[in-house]
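Heads up: the structure comes next, in structure tokens.
Every number in this text was worked out from the coordinates using simple rules, so none of it is lab data. Predicted, not measured: the structure shown is a model, and the values here were computed from it. Virtual Cβ from ideal backbone geometry, glycine too; neighbours counted across all protein chains shown.
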Amino acid sequence: MSDKDYLKDISEIKNLMNKSSRFISLSGLSGILAGVYALIGAAIAYWLVMTYSGGTLYIFHGWVFWTCMLVLSMIALLSAVTGIILTTRKAKKTGEKIWDNSSKRLLFNFLVPLAVGGIYCFIILSQGRYGQTGGLMLIFYGLALVSASKYSIGDIQYLGYIQIILGLIASYYPGYGFWLWMIGFGIMHIVYGTWMHFKYDAK
């Protein structure tokens, strides 16, 4: 057996081990659409707050607050449903299982920090402390991505680091929290999803 055959066998073994320990069927297109949903939702929330809450992003009251919460929930739901549909379709094309130990570990490590962060953000929003919310959302989401990256495409961690950095900046400059939220959840998702699509999906 030649050295070339040995290298080929080693490469195949490495790929098998990687597939068995990581869920690698995430769709780049789902990231792009999640960013689009975030930008649309942010535009709706901005219009509501500026039109019906005294023209400032730091004053919510009554139905405006709950409508903005509904918009955020719809963004999360649409992003999750889109991600599931496109990832399932990609997994079927590549012959991978959509629900195995790797995907379970991925989901668990992603949802724990995300759920904790979501509950905490809702608590401080309900107390009328709006200034830090955008930064906290970015930070907890970034931590969720970094945590989940161990069981998926490693590149996800870089998006997580970017979200954390944006969240820290937003926490230090709360006046820019809304715009940094749009950059993190909207623009960065579109940029990152496009990069992932051409790197992994368009082959």
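Points worth noting:
- Placing R0 at 22 angstrom, the Cβ-Cβ distance between W47 and M69 gives a FRET efficiency of 0.90 after rounding to 0.05.
- Shape of segment 142-203, Cα gyration tensor, a/c cut at 1.5: oblate
- Subtracting the Cα-Cα distance of V191 and W99 from their residue separation scaled by 0.36 nm leaves 30.4 nm.
- For S152, residues with placed amide H under 5 Å, excluding near neighbours: F23
- FRET efficiency for K150 and L77, using Cβ-Cβ distance with R0 set to 22 Å, rounded to 0.05: 0.30
- Highest mean first, the peptides 124-131, 72-79 sorted by other C-beta atoms within 10 Å per residue fall in the order 72-79, 124-131.
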